[in-house]
1. Helix 70-84 versus the longest principal axis of the chain: what is the Cα-based angle in degrees, 0 to 90, to the nearest 10?
2. Rank the residues 50, 55, 8 as a footprinting-exposure proxy: fewest other Cβ atoms within 10 Å of their Cβ go first.
3. Exposure proxy check: 26, 36 ranked by fewest other beta carbons within 10 Å?
4. Could you list 15, 57 in order of exposure, starting from the residue whose Cβ has the fewest other Cβ atoms within 10 Å?
5. Measuring from label point to label point, each 7 Å out along Cα→Cβ, what is the residue 75 to residue 59 span in nm?
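Here, each number is a calculation from the coordinates, and none is a lab measurement. As the structure is a prediction and not an experimental result, all values here were calculated from the model. Every residue, glycine as well, gets a Cβ built from its backbone with ideal geometry; the counts of neighbours run over all protein chains shown.
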């Protein structure tokens, strides 16, 4: 197996990144739980934007690679992004 591929977070990001937004809700207790795989295992992980959700913020896709194989992991993520990735910047891009 070259990499484990999974959603970076189970919820879209909040469109208000510049201020607190009490209206934002995520249906899971910890939106960042999938990202803990890399921290807990010590394996390399990279996230790429895949598409925009209905509010215009990007949805991320993560690639978790083998130990000490960052070059292959980055090549896989780059190849996927070149083929399928986000084709336009989100509206919030400066």
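1. It is inclined by approximately 50 degrees.
2. On the way: 50 17, 55 13, 8 21.
With the sparsest Cβ surroundings first, the list reads 55, 50, 8.
3. On the way: 26 14, 36 11.
The fewest-first ordering by Cβ neighbours comes to 36, 26.
4. Numbers: 15 15, 57 18.
Result, fewest neighbours first: 15, 57.
5. Spacing of the two 7 Å Cα→Cβ label points: 2.9 nm.
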